[in-house]
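Enquirer: This is the structure I want to talk about, given as structure tokens.
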Amino acid sequence: MRVTTESATMTTPTMTDPAVEATPSQPPEIRPPGAMVPPRPIARARDASAPRNEPEARPANPAVELSDVSIFYGAFRAVRDVSFSVPAHAITALIGPSGSGKSTLLRAINRMNDLTPGSRLDGEVRYHGTNLYRADVDPVEVRRRIGMVFQKPNPFPKSIYDNVAFGPRLNGYRDNMDELVERSLRQAALWDEVKDKLKQSGLALSGGQQQRLCIARTIAVEPEIILMDEPASALDPRSTLQIEELMAELKENYTIVIVTHNMQQAARASDRTVFLNMGDDRAGYVVEVDDTVKIFTNPREQLTEDYISGRFG
Amino acid sequence: MTAAVSLRATGARARRRAFVNAAMHAVLGLAVLAALVPLFLIIAVTIAQGLPAMTTEFLTSTFNFSRRVQGGGYLHGLIGTLYMGGLATLMAVPIGIAAALFLTEFPRSRLAAPIRFFADVMTGVPSVFVGLFVYAVLVRQIGFGTFVGAVSLAIIMLPIIVRSAEEILRTVPGDLKRGSYALGARQWQTVFRVTLPAAASGLTTGVMLAVARALGETAPLVLTALAAQTVVLDFQGQGQTALPLLIFREARGAFAAGQERAWAGALELMALVLVLSIVARAIATRRAAR
Ligand SMILES: Nc1ncnc2c1ncn2[C@@H]1O[C@H](COP(=O)(O)OP(=O)(O)OP(=O)(O)O)[C@@H](O)[C@H]1O
Ligand SMILES: [Mg+2]
């Protein structure tokens, strides 16, 4: 299936319960904003045509499954035939050399690539069985459930409070905003540092605090999945550790996918690792997917071994 | 050359470099001066000539029975200027910013190039043509008045607003917009909650440029607002006046008293634009800080 940017960016109909066909048991309902994240039922087991990059031990409850995903920017294919699945309530790390398509893949999971004119995706990205690139899926609904934290902290030029309240207000949430803001800031381990200056601009915080504000802002929408593109690469070591600790806490309630260049970080913080490489045609492809422990102790591929031990990339 | 290397610049080359440096400084300084002198002269002369006639009476009353004598004022002009300027701003700002948003939000639209071209052409159209156009299209149908005057001022303002707003909106970082989209904002939500607030202070500057330009216009009003001898509050149908119309009329008149009032009117117009700019800037920066 192929979805062009023009047809998909805007006026698509709202997500019309797209899961009915694929998984009758659990349509991804639009949760009322501010409600606690309900435990997700285990997705229907996939049929026999397992993608080839998948190792035997496939996670039992994938939140997202990519199969044969190729992503194009105009005529250039940035990612080729990628398949892997993202286990729920775990941290999945995407690693690989620069240009191997990690960010591109991450943005494919919440349809942020739609915003890039000329980008196109072949294959399927399934979220609890629903192909997110089906014509009747609303990318805006997708992004409400699958949040994203960027490499460079990008708080809005608004107060700390308004930054966190931004997402809930989009959905018309009016109930107990103060409580939601506090809870989100607490979950992002930022509350104690900012509780006395919620009216101050988010731009007045340090880089690490700004990044945690961006995480709080994402949490406030109560997504199921949080995508993070090198969230700590612009931060000092202490803030980096804070973010890592935070991720470990967040995985209780959220599924996390993180892109990182930092091998120790991937090894320390993630449960599962996807290793991408760039082919001769400059397209990224999956070399190996496995539990992080396995990847870092006993990888199947020589290439993986070489990459994690810093011999290339 | 074995001992410590001297970092001090010496010799002919260094002297020449110092000379060129000083010469360039002088040239640039003169250029700045040449640009600023006329500006200061205008302001200084306007103040010097206008201040003596700038009395409370001038600010609070309309024409005397006889225009030959001193006294009376431009209250009707001030009100007409504010009335038509306000209406024109109300018309031109939403349309102009909407057009600029169209250009920045849908850059690949086939309409983008024509809109841009049209705005550029309109900037270059002599303002008397704008008056003629409104006269032909509107005045002959519904007569002279405040509204048709405001329409002609809005047409003057529109291209300025479109082009300046487009530039400003382009400077809003893509990172901010992506942050908004990633939270599940729709395009119009991103526009209203992120893009426009982030651009507010710059947009205000562009709008103020357009307002200042429009408030000083005489030619488009001659054929649309026409004239008035006293304060006119009618929306349409009655002739209206404005500060530049009165200045124009009395400055070329034969009476010394009238010319004095024209100077005071010029000073009033200058002060008005200044005050409006300051107030608008203050509001915009306060809102942006929130
Ligand atoms: N907006 C875009 N337009 C065109 N090409 C793009 C765009 N974004 C990425 N690419 C190309 O797609 C390929 C993959 O880029 P991507 O940013 O996904 O790599 P990455 O693995 O995240 O690299 P890095 O580690 O440097 O962040 C690169 O060749 C890049 O040039
Ligand atoms: Mg990247």
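Enquirer: If a residue counts only when it is more than 16 Å from ligand 2 (Cβ to nearest atom), which helices (runs of 4 or more DSSP H) contained entirely in region A:79-198 have at least 3 such residues? Give the derivation first.
Expert: Numbers: elements: A:102-109, A:139-145, A:160-170, A:177-187, A:191-194.
Answer list for region A:79-198: A:139-145, A:160-170, A:177-187, A:191-194.
Enquirer: Take the residues of region A:205-215 that are small (Gly, Ala, Ser) and open to solvent by 10 Å² or more (accessible area, probe 1.4 Å): which is farthest from ligand 2 (Cβ to nearest atom)? Can you show your working first?
Expert: To start, the set of residues in region A:205-215 that are small (Gly, Ala, Ser) comprises A:206-208.
Imposing the further condition that a residue be open to solvent by 10 Å² or more (accessible area, probe 1.4 Å) reduces the set to A:206-207.
Values: A:SER206: 23, A:GLY207: 18 Å.
Looking at the filtered set, the residue picked out is A:SER206.
Enquirer: Look through region B:234-254, keep the residues that are exposed (fewer than 15 other Cβ atoms within 10 Å of the Cβ) and more than 24 Å from the chain's Cα centre (by Cα), and return whichever of them is nearest to B:PHE144 (Cα to Cα).
Expert: B:GLY237
Enquirer: Please verify whether A:ASP192 is open to solvent by 40 Å² or more (accessible area, probe 1.4 Å) and modelled with pLDDT of 95 or more, treating the condition exactly as stated.
Expert: Working: open to solvent by 40 Å² or more (accessible area, probe 1.4 Å): yes; modelled with pLDDT of 95 or more: no.
No: the conditions fail for A:ASP192.
Enquirer: Considering region B:46-82 alone, what residues qualify as being in a helix (DSSP H, G or I), open to solvent by 60 Å² or more (accessible area, probe 1.4 Å) and not polar (S, T, N, Q)?
Expert: As a first pass, look at region B:46-82 and keep what is in a helix (DSSP H, G or I): B:46-53, B:56-60, B:75-82.
Then drop every residue that is not open to solvent by 60 Å² or more (accessible area, probe 1.4 Å), which leaves B:47-49, B:51-52, B:56-57, B:59-60, B:82.
Correct list: B:ILE47, B:ALA48, B:LEU51, B:PRO52, B:GLU57, B:LEU59, B:LEU82.
Enquirer: Please work out if A:LEU170 is of a type outside the set (Val, Ile, Thr) and either surrounded by fewer than 21 Cβ atoms within 10 Å (Cβ to Cβ) or within 11 Å of chain B (Cβ to nearest Cβ) (or both). Write out each step before concluding.
Expert: Values: of a type outside the set (Val, Ile, Thr): yes; either surrounded by fewer than 21 Cβ atoms within 10 Å (Cβ to Cβ) or within 11 Å of chain B (Cβ to nearest Cβ) (or both): yes.
The answer is yes for A:LEU170.
Enquirer: Do we have any residue at all in region A:95-117 that's among the aliphatic types (A, V, I, L, M), under 21 Å from A:ILE219 (Cβ atoms) and within 10 Å of ligand 1 (Cβ to nearest atom)? Walk me through how you get there before you give the answer.
Expert: First pass over region A:95-117, keeping only residues among the aliphatic types (A, V, I, L, M): A:95, A:105-106, A:108-109, A:112, A:115.
Subsequent filtering for residues that are under 21 Å from A:ILE219 (Cβ atoms) retains A:106, A:109, A:112.
Then keep just the ones that are within 10 Å of ligand 1 (Cβ to nearest atom); that gives A:106.
Yes, because at least one residue in region A:95-117 is among the aliphatic types (A, V, I, L, M), under 21 Å from A:ILE219 (Cβ atoms) and within 10 Å of ligand 1 (Cβ to nearest atom).
Enquirer: Taking interchain pairs and intrachain pairs at least six residues apart, which have beta carbon atoms under 6 angstrom, with the first residue in region A:145-167 and facing chain B (nearest Cβ under 7 Å) and the second polar (S, T, N, Q) and surrounded by 24 or more Cβ atoms within 10 Å (Cβ to Cβ)?
Expert: Short answer, once both residue conditions are applied: A:GLY147/A:THR218; A:MET148/A:ASN110; A:PHE156/A:ASN163.
Enquirer: Considering only region B:244-290, how many residues are within 14 Å of chain A (Cβ to nearest Cβ) and hydrophobic (A, V, I, L, M, F, W, C)? Reasoning before the result, please.
Expert: Let us first name the residues in region B:244-290 that are within 14 Å of chain A (Cβ to nearest Cβ), namely B:284-290.
Now narrow it down to the ones that are hydrophobic (A, V, I, L, M, F, W, C): B:284, B:288-289.
Qualifying residue count, region B:244-290: 3.
Enquirer: Take B:GLU268 and tell me if it is among the acidic types (Asp, Glu) and part of a helix (DSSP H, G or I).
Expert: Working: among the acidic types (Asp, Glu): yes; part of a helix (DSSP H, G or I): yes.
Yes; evaluated as a whole, the condition is true for this residue.
Enquirer: How many residues are crowded, with 20+ Cβ neighbours inside 10 Å and at the interface with chain A (Cβ under 7 Å from one of its Cβ atoms) if we restrict to region B:171-182?
Expert: 3
Enquirer: Evaluate the following for B:ILE168: is it open to solvent by 10 Å² or more (accessible area, probe 1.4 Å), assigned by TED's automatic domain parsing to the domain that holds B:GLY265 and in a helix (DSSP H, G or I)? Step through it out loud before you land on a result.
Expert: Working: open to solvent by 10 Å² or more (accessible area, probe 1.4 Å): yes; assigned by TED's automatic domain parsing to the domain that holds B:GLY265: yes; in a helix (DSSP H, G or I): yes.
Here the answer is yes, as B:ILE168 does meet what is asked.
Enquirer: Checking the condition over 23 Å from B:GLY202 (Cβ atoms), free of Cβ contacts under 8 Å to residues at least 40 places away in the same chain and of a type outside the set (Lys, Arg), which residue from B:PRO114, B:PRO126, B:PRO107, B:PRO94 passes? Spell out the reasoning first.
Expert: Working: B:PRO126 fails: free of Cβ contacts under 8 Å to residues at least 40 places away in the same chain; B:PRO107 fails: over 23 Å from B:GLY202 (Cβ atoms); B:PRO94 fails: over 23 Å from B:GLY202 (Cβ atoms).
Just a single option satisfies the conditions, and that option is B:PRO114.
Enquirer: With respect to B:GLU217, is the statement that it is farther than 25 Å from A:ASN154 by Cα, away from chain A (no Cβ under 14 Å), of a type in the set (Asp, Glu) and surrounded by 22 or more Cβ atoms within 10 Å (Cβ to Cβ) true? Can you show your working first?
Expert: Numbers: farther than 25 Å from A:ASN154 by Cα: yes; away from chain A (no Cβ under 14 Å): yes; of a type in the set (Asp, Glu): yes; surrounded by 22 or more Cβ atoms within 10 Å (Cβ to Cβ): yes.
Yes: the conditions hold for B:GLU217.
Enquirer: Mind checking which residues of region A:263-285 are more than 17 Å from the chain's Cα centre (by Cα) and either within 15 Å of ligand 1 (Cβ to nearest atom) or of a type in the set (D, E, K, R) (or both)? Lay out the reasoning, then the answer.
Expert: From region A:263-285, those more than 17 Å from the chain's Cα centre (by Cα) are A:263-264, A:267-268, A:277-285; that's our starting set.
Passing the criteria: A:MET263, A:ARG268, A:ASN277, A:MET278, A:GLY279, A:ASP280, A:ASP281, A:ARG282, A:ALA283, A:GLY284, A:TYR285.
Enquirer: Name, by its number, the condition in (1) within 14 Å of chain A (Cβ to nearest Cβ); (2) over 25 Å from B:LEU196 (Cβ atoms) that does not hold for B:ALA112.
Expert: Among (1) within 14 Å of chain A (Cβ to nearest Cβ); (2) over 25 Å from B:LEU196 (Cβ atoms), the lone unmet condition for B:ALA112 is (2).
Enquirer: Starting from residues that are open to solvent by 70 Å² or more (accessible area, probe 1.4 Å) and in a loop (DSSP other than H, G, I, E, B), keep the ones in region B:95-133 and report whichever is farthest from B:ALA227 (Cα to Cα).
Expert: Out of the qualifying residues, it is B:ARG108.
Enquirer: OK, next. Exactly one condition in (1) crowded, with 23+ Cβ neighbours inside 10 Å; (2) more than 18 Å from the chain's Cα centre (by Cα); (3) outside any loop (DSSP other than H, G, I, E, B) is not met by B:THR89; state its number.
Expert: (2)
The values are calculated or read from the model by the stated rules, or taken from the named source; none is laboratory data. Since the model is a prediction, treat every value here as computed from it, not as a measurement. Because the Cβ atoms are built from the backbone with ideal geometry, glycine has one as well, and the counts that use them run over all protein chains shown. Side chains included, ligands, DNA and RNA excluded: accessible areas come from the protein's heavy atoms. Shrake-Rupley method; radii C 1.70, N 1.55, O 1.52, S 1.80 Å.
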